[in-house]
1. Please check which bits of the range 91-112 a label hung off LEU71 would reach, taking the label as a point 7 Å along Cα-to-C-beta and the cut-off as backbone N under 12 Å.
2. Taking the simple approach of a point 7 Å from Cα along Cα-to-Cβ for both ASP259 and GLN227, what is their distance in nm?
3. Mind grabbing the base-10 log of I(q)/I(0) for the range 147-255 at q = 0.11, 0.15 Å⁻¹? Debye formula, identical points on the C-alpha positions, no solvent, two decimal places.
4. Using a 7 Å offset from the Cα along the Cα-to-Cβ direction at both SER116 and GLN84, what is the distance between the two label points in nm, to one decimal?
5. For SER145 and THR94, calculate 0.36 nm times their separation in residues minus their Cα-Cα distance, and state this gained length in nm to one decimal.
6. Greater than 23 Å separation of Cα atoms is the criterion. Which listed pairs, LYS105/LYS188; LYS210/LYS250; LYS95/LYS184, meet it?
7. Consider just the alpha-carbon atoms of the range 200-343 and return their Rg together with their Dmax, both in angstrom.
Amino acid sequence: MNTGHQLVTRVFTRYGRRVFQVILLSFSLGMSLVALARTSSDRFSQTDLVAPLPQQNQKFSNDRVQLEGRLRIGSQFFNNETDQANNASFTLGTKFNYKFIESLKLKTEIELSFSSGRAQSQIEDDRLSDGFNAREAVVAFEPNSYLELGAGAVNQRRLVSTPLLMSNRSFPGAYEQVNFGNEKNFLKIRLGQAVPTSQSFDSDRQEKEKLPTFSQEVLAAGFQPNQHIRFESFVLHYRYANLPSVVAYKSISRGNTIDGQTATSSNFHFDFNGVMGGIKTEIMPTTRFSLIGEFQAIENLKAKDTFNSGQLAQVGAKFLVNGITVTPFIGAFYNESDTSPGAYNSGEFGHNNREGTFYNLEVAFNDYNFKIIGNYVDAQVVGQVDRLTQTDQQYFYLGLETLYVEF
């Protein structure tokens, strides 16, 4: 284990994580109350108090229809001791929104991907798949600026990004969201109920299985006291129930503790019912430079110690020079075996039972509406449990993306 990994292990010792998680939850709840008080005092002096949801544009061209598109071309590489994958892909991403009436809207985010490459077993990531991928497709009812109700294929990371819990995917389901505040100071509460996606043939099960469910409750807050500093935080509760045996079998190679070794006999050893929180701070001494730091922690309350917790921390900067924005990041993560189902969380970090470091770089050419992205992740096996199906893994991605353009 290299020095970076030893540092991660020392920082995220059991008692240190406990103390930090208590501080994290206290800070998040405290900031939520501050944001709520701030937005309540501003309520009568502002006409539009709702902060826009990430990557959702509420402006509709041609009165009812909005269509946006972007292109992405990239190449990625996975490697571990037994498997390897090389892939080049082209992706067309679209956002299509349609307003039936003022309070009822169709919102979609769909990608069409074409790829060519070579992949061996145990290697999988969302960007390796061909065909249509519905990141989100919902009908949303917004009777006023405070309330939103939606149903359809719901993106499970729409409000906050939580790679240790969930990859960028949608589940069929519904959500209820309440919004207070503006873009700088906001408080959002979101409840979600969904059915985790899976497919079981007769050969993958012993009998008819119960309907699987996934639910989460999210509280997110943002506070910007002045133009030089900004805080964001979130706390959430998540719960999976009745996950089918085929999902458990798929998660064997992804670090989860599984009882059984076949598709029909596999079951998760621990249930998944836990909490997660995060803090993000951005310091902006000038309009051309900022420093960013973020920390997230997750704990499965149904799993034993040394099986149930994970953390992710990263620091970065943003530079604006001659119309070019450069954003480098460096981070570390530690994710024990049973924080969340490996079938549904991020493959870039090796799913579960992993620790390591990652490096990200974005170079955005603002005047030309495109950016270059590079990611590298070195994920090692934690090793507190004998994992015959896991070895150390490296992941690399290099791509070019256009920004969304409205047609």
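1. Flagged as within label range: 91-93.
2. Between ASP259 and GLN227, the label points sit 6.1 nm apart.
3. -0.46, -0.74
4. Label at SER116, label at GLN84, 2.0 nm between them.
5. Between SER145 and THR94, full extension yields 15.8 nm more.
6. LYS95/LYS184
7. Spelled out, the Cα radius of gyration and Dmax of the range 200-343 are 20.2, 63 Å.
FYI, it's all coordinate maths here, none of it is from the lab. Everything quoted here is computed from the prediction, not taken from an experiment. Every residue, glycine as well, gets a Cβ built from its backbone with ideal geometry; the counts of neighbours run over all protein chains shown.
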